[in-house]
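Peer 1: Supplied in structure tokens, the structure appears directly below.
The values are calculated or read from the model by the stated rules, or taken from the named source; none is laboratory data. Since this is a predicted model, take the numbers as computed values, not measurements. All Cβ positions, glycine included, derive from the backbone under ideal geometry; neighbour counts span all protein chains shown. These accessible areas exclude ligands, DNA and RNA; they are computed on the full protein's heavy atoms, side chains included. Shrake-Rupley method; radii C 1.70, N 1.55, O 1.52, S 1.80 Å.
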Amino acid sequence: MDANICQVTDLKDGKGKLLGVDFGDTRTGLAVSDISRFLATGIGYVSPGGIEKTAAAVAEIAREQRVVAAVVGLPKNMDGSEGFRAERCREFARLLSERLDGMPVAMIDERLTTVSATRYLNETNTRGKGRKGVIDTLSAQIILQNALDRLKNC
């Protein structure tokens, strides 16, 4: 594993805002924490096309948001194994860390976050053209909130 790619618990002694990322080939959802690392808030998504351009776009947003680390969702299979999507997310995390001059990038299991986001949008009757982008943003928010909750409990 790359030296700057870490586990969420490795971020526990740090201070400052975190960026949550739900990487996707089409859209990449983003969320940011408050400085106290209590609450995650969705901030939208990017869709520049391609893993390299996406890493560059997310790195720019990370700089604008003045985050100190990022948390990228790691899509594992239900049995805990990793497939092609997980490999792709690990590659994205590595590229993001490089573009952020070695800033720590943590990986966190994201199983069922999209399902949770979809269920929430169904319950709140959120419909329309922008729903896919909302799902990606909400998924990033859930990923980041899960990481923040884990940091509180470690």
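Peer 1: Label residue 56 and residue 78 with points 7 Å out from Cα along Cα→Cβ: what is the distance between them in nm?
Peer 2: 4.0 nm
Peer 1: With a 1.4 Å probe and all protein chains left in place, how much accessible area per residue does region 64-106 have, in Å²? Walk me through the numbers before you get to the answer.
Peer 2: Details: 2140 Å² over 43 residues.
Here the per-residue accessible area is 50 Å².
Peer 1: Moving on to the next point. Loop only by DSSP, 15 or fewer other Cβ within 10 Å of the Cβ. Give me the trypsin sites (Lys or Arg not before Pro) in region 17-80 that pass, ordered by residue number. Before the final figure, lay out the partial values.
Peer 2: Details: sites: 17, 27, 37, 53, 63, 66, 76; in loops: 17, 27, 37, 66.
Those satisfying the criteria are 66.
Peer 1: So, one more: Greater than 19 Å separation of Cα atoms is the criterion. Which listed pairs, 17/152; 15/53; 12/152, meet it? Don't jump to the answer; show the numbers that get you there.
Peer 2: On the way: 17/152 14 Å; 15/53 28 Å; 12/152 8 Å.
Exceeds cut-off: 15/53.
Peer 1: Residue 64 versus residue 17, label points 7 Å from Cα toward the beta carbon: distance in nm?
Peer 2: According to this spin-label approximation, the distance is 1.1 nm.
Peer 1: Quick one: with all protein chains in place, what share of the accessible area of region 1-102 is carbon or sulfur, to the nearest percent (1.4 Å probe)?
Peer 2: Details: 2540 of 5140 Å².
So the carbon and sulfur contribution to the accessible surface is 49 percent.
Peer 1: Follow-up. Find how much the distance from residue 109 to residue 9 grows on full extension, using 0.36 nm per residue of separation minus their present alpha carbon separation; answer in nm with one decimal. Walk me through the intermediate numbers first.
Peer 2: On the way: separation 100, 0.36 × 100 = 36.00 nm, distance 1.26 nm.
Computed gain between residue 109 and residue 9 is 34.7 nm.
Peer 1: I need the chymotrypsin sites (Phe, Trp or Tyr not before Pro) found in region 1-84, filtered to DSSP loop residues with at most 15 other beta carbons within 10 Å of theirs.
Peer 2: On the way: sites: 23, 38, 45, 84; in loops: 23, 38.
Filter output for region 1-84: 38.
Peer 1: Can you compute the FRET efficiency between residue 154 and residue 87 using 1/(1 + (r/R0)^6), with r the Cβ-Cβ distance and R0 = 25 Å? Round to the nearest 0.05.
Peer 2: Working: r = 27 Å, r/R0 = 1.07.
Result of the calculation: an efficiency of 0.40.
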